[in-house]
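To keep things clear, I will list the structure first and then write my remarks on it.
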Amino acid sequence: MGKKRKNRKVQILSTIIVLFIALIFGLFSNEELHQKPTTTNLVTNQDITDNLEVYFIDVGQADSILIVNNDDAMLIDAGNNDDGEDVVNFIKEKGIQKLNYVIGTHPHEDHIGGLDDVIDSFEVENVMLPDITTNTKTFEDVIESIENKNLEITIPKIGDTFTIGEANCEVESSIIDKSNLNLASIVIRLEFGNTSFLFMGDAEEENEEQMNLKTTTVLKVGHHGSTTSTSLDFLRQINPQIAVIMVGKDNSYGHPEKETLTKLNNIGSKIYRTDLNGTITIISDGNKCEVQTEK
Ligand SMILES: [Zn+2]
């Protein structure tokens with residue numbers, strides 16, 4: 001009897017030990033299961049759920065670019081003073097009520113002209129302007145709209161980063177030189193999956209020399225295709241598949257200049273122009289860009 005009881009005790013004890021081992025083993029294998037997806041997530045570093053839409057709005061001899069992804073939107077420039085209403089209507093037609101970022105690349109009328117109308121018409125989270133002022137009525141109107149909405153101006157620094165939906169943006173240049181406002185242009189590089197965009201404003205060769213140049217899918221050509229921008233060295237390094245020139249038909253500046261078009265053609269960029277194509281829409285799925293034109 002004594003021996004049998006002892007045997008039963010051993011049996012119960014070993015069952016408990018087996019269950020305990022099984023429990024520990026179970027916990028470890030669960031741990032392993034938990035870890036696996038994390039590792040997978042790290043390998044695929046992009047989880048794109050929605051296309052990126054970039055609209056190069058035809059505002060004649062001026063710039064205005066709307067960028068939309070998920071529920072986020074950013075506007076870079078807003079055309080001349082007379083374009084304000086058209087830009088506002090364009091944004092409204094896309095069903096957008098809030099702009100996460102409104103950027104005035106530099107205080108020339110063909111970039112910030114319609115910015116006051118935009119700020120007055122939408123909920124705006126951030127306004128970005130370069131660290132330079134002018135005494136024009138156009139500039140003062142923009143400042144007045146910013147003040148009326150109690151917004152603070154963000155002055156970007158090179159290397160500053162922010163996101164629009166699933167797109168990563170980085171400030172690449174802005175040179176403060178009172179004798180040339182174009183150099184103040186806030187240059188933004190946007191990366192979306194494996195595709196990228198470089199928004200140059202009216203940045204010139206001096207800005208290009210300062211920038212950290214990487215291969216880029218889409219280039220918004222600097223300064224309406226003027227020869228003061230888009231140096232050959234710059235083009236060779238960014239090697240854009242698509243070049244967008246924002247320019248007015250028969251403008252008095254002779255933009256875009258032949259030399260710039262030749263350089264872009266030689267490098268193999270497909271050129272789109274707002275004077276010939278109207279509003280240009282580029283849709284990126286994170287791997288490739290599809291271009292749609294109004295004309
Ligand atoms: Zn301009």
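Since every read-out is calculated from the coordinates, none of them should be taken as a lab result. All values reported here derive from a predicted model rather than from experimental measurement. Backbone-built Cβ (ideal geometry, glycine too); neighbour counts: all protein chains shown.
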From the cross-link list LYS92/LYS137; LYS149/LYS220; LYS220/LYS295; LYS214/LYS270; LYS214/LYS288, the entries with a Cα-Cα span beyond 21 Å are LYS92/LYS137; LYS149/LYS220
Ranking LEU219, ILE132, HIS106 by how far each Cα lies towards the positive end of the charge dipole of the stretch 52-293 (+1 on Lys and Arg Cβ, -1 on Asp and Glu Cβ), the top one is LEU219
Ranked output for segments 62-75, 164-177 by mean other Cβ atoms within 10 Å, highest leading, reads 62-75, 164-177
Summing +1 per Lys or Arg and -1 per Asp or Glu among the other residues with Cβ less than 12 Å from ASN180's Cβ gives -4
Straight-line reach check, LYS94, cutoff 14 Å on alpha carbons, 8 or more apart in-chain or any other chain, hits among aspartates and glutamates -> GLU53, ASP71, ASP72, ASP86
Cα-based Rg then Dmax for the stretch 251-295, in Å, read 12.7, 38
Here P(r) for the stretch 122-230, Cα-Cα distances in 10 Å bins, as whole percents, is 13, 41, 35, 10, 0
